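Below is one structure, written out as structure tokens, with a few remarks after it.
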Amino acid sequence: MVSEVTFFVSTPLGQEVRQAVHLQTSTNPTHITGTAGSTVNKTEESSTAAKSEPDAPTKTTDEDEKDDKAAQSLLNKLIRSNLVNTTHQVEVLQRDPNSPLYSVKSFEELRLKPQLLQGVYALGFNRPSKIQETALPMMLAEPPQNLIAQSQSGTGKTAAFVLAMLSHVDPNKKYPQCLCVSPTYELALQTGKVIEQMGKHYPEVQLVYAIRGNKLQRGMKLQEQIVIGTPGTMLDWCIKFKFIDPKMIKVFVLDEADVMIATQGHQDQSIRIQRTLPKDCQMLLFSATFEESVWNFAKRIVPDPNIIKLKREEETLDTIKQYYVQCTSKEEKFQALCNIYGAITIAQAMVFCHTRKTAGWLAGELSREGHQVALLSGEMQVEQRAAVIDRFRDGKEKVLVTTNVCARGIDVEQVSVVINFDLPVDREGNPDNETYLHRIGRTGRFGKRGLAINMVDSKFAMNVLTRIQEHFNKKIEKLDTDDLDEIEKISS
Ligand SMILES: Nc1ncnc2c1ncn2[C@@H]1O[C@H](COP(=O)(O)OP(=O)(O)OP(=O)(O)O)[C@@H](O)[C@H]1O
């Protein structure tokens, strides 16, 4: 029998979500098998953001930034249907450099249980991804090896550790053997879905979610072999309520370490969980990025690790033509944008604004001019944002207006023109070169030529532009948007 319970959880956007979860009550009172509709109370636009001028540095709170990382990750998972295409280099650092390094080109070589191989093929995977080629043999080795793996999102990390967990559990033993910690409730559910899909033909293995709101009776002992959840609840279930015996855990996975450490308390809770596990428990840690703080955390969680890194190709500005337009107000910038649209055929464009308020205003003006506009805004629920990006990706809208915070980390490949309606600046008002590169890098992918146009409407903005030019040592040409011939030339 499946019954539905409703409870409140906190989302990565810091909003309150009413989440309905199906509980399978007959065989297993704690086995959550799916999620149903959720509603969100919209948050008010931050007063700082609402009041700021387009180009003035806006203070974003740390809270916004943190929430953003988890939301970005979830968004990318929701909209992604495929592996991210990479020609990346794999770097491997082995704990024991003398042991041979295995890499596999097919799933058959891994000698997976037939039920799991069936699950892999049912998901449409024909061969291991780049990171899986090296990570899977290490994770499935006997004796188990510890691993720290870093690669950009969408390269197959989740599928890899899910396969490792499913391979290591003993379905005949009715107690938790694998723990997987995720930074948020939603990310835990996403990973849980992958476990359910990949383990579809392996019904003896059961999964339970250690997430806030999933209340168990005191004194009970879990029978599911895999527990996935957030650090706080997982810690409580191990130490305070003793639903899980940590000494019986064979595999510990810490997913999205970079997002994890951006959230207050998660780092310490994860370390406390790790401390309760047996010495020979396999520790696996995954992260999309690998800055110093992630690395320090990773070393505390994973002793004697093998390390795999998938290097992202260096982005350059060589294939992108960059221009700037001199204006005196946001209205003039809007007019310049219309002139550009009138003069050249733009397949799809992304327009970046500094605040939600400007983005909302601009989207309104553009749609009054007859453009098909999509607006991506921070106050939207993650699923709503995913739907907007999905429509844009399908070409249903030709212009996507967004704030930088909202669009950071989102991959929309087919964009041919990027407009910086406001230049990217950090909290102190200094040029944010990395964001600039990331924004305009989405045009001109894979050697295709792209076009980036920067709108400048003040001395402050001009100064930012000059410093960006200096940083990249690349001249940004001035464009006169009143001269139609000149605009036409830039697209040829
Ligand atoms: N070997 C494979 N062949 C084909 N598709 C795959 C393979 N491995 C994973 N995928 C698919 O590619 C997409 C990305 O995989 P996955 O979620 O495992 O990546 P990830 O690195 O964990 O990214 P993120 O951290 O954003 O979740 C998913 O849609 C997944 O189903």
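The values are calculated or read from the model by the stated rules, or taken from the named source; none is laboratory data. None of the values given here were measured: they were computed from a predicted structure. FYI the Cβ positions are ideal-geometry reconstructions off the backbone, even for glycines, and counts take in every protein chain you see. We work out accessible area using only protein heavy atoms, side chains counted, and drop any ligands, DNA or RNA first. Shrake-Rupley method; radii C 1.70, N 1.55, O 1.52, S 1.80 Å.
Things to note:
- Test: residue in the range 251-261 that is part of a helix (DSSP H, G or I) and open to solvent by 20 Å² or more (accessible area, probe 1.4 Å): yes
- Spans of helices (runs of 4 or more DSSP H) in the range 330-423 with at least 2 residues modelled with pLDDT of 90 or more and surrounded by fewer than 17 Cβ atoms within 10 Å (Cβ to Cβ): 330-343, 356-368
- Test: Pro176 is modelled with pLDDT of 90 or more and either in contact with a helix residue (DSSP H, G or I) (Cβ under 6 Å, 6 or more places away or on another chain) or away from the ligand (no atom under 14 Å from the Cβ) (or both): yes
- Failed item, numbered, when Tyr324 is tested on (1) surrounded by fewer than 21 Cβ atoms within 10 Å (Cβ to Cβ); (2) more than 24 Å from the chain's Cα centre (by Cα): (1)
- Checking each residue in the range 285-308 for being at negative phi and part of a loop (DSSP other than H, G, I, E, B) picks out Ala288, Thr289, Phe290, Glu291, Val302, Pro303, Pro305.
- Selection within the range 425-461: residues that are at pLDDT below 90 and of a type in the set (S, T, N, Q). The member of this set that is nearest to Leu337 (Cα to Cα) is Thr443.
- Single residue of the range 182-224 satisfying the filter (buried (at least 18 other Cβ atoms within 10 Å of the Cβ) and of a type in the set (Gly, Ala, Ser)) that is farthest from the ligand (Cβ to nearest atom): Ala210
- Taking residues in the range 107-121 that are in contact (Cβ under 8 Å) with a residue 24 or more places away in the chain and farther than 18 Å from Glu142 by Cβ, and partners anywhere that are not aliphatic (A, V, I, L, M) and not in a helix (DSSP H, G or I), the pairs with Cβ atoms closer than 7 Å and at least 6 places apart or on different chains are Gln115/His201; Gln115/Tyr202; Gln118/His201; Gly119/Gly199; Gly119/Lys200; Gly119/His201; Gly119/Tyr202; Val120/Phe107.
- Qualifying positions in the range 111-139 - charged (D, E, K, R) and either within 23 Å of the chain's Cα centre (by Cα) or within 10 Å of the ligand (Cβ to nearest atom) (or both): Arg127, Lys130, Glu133
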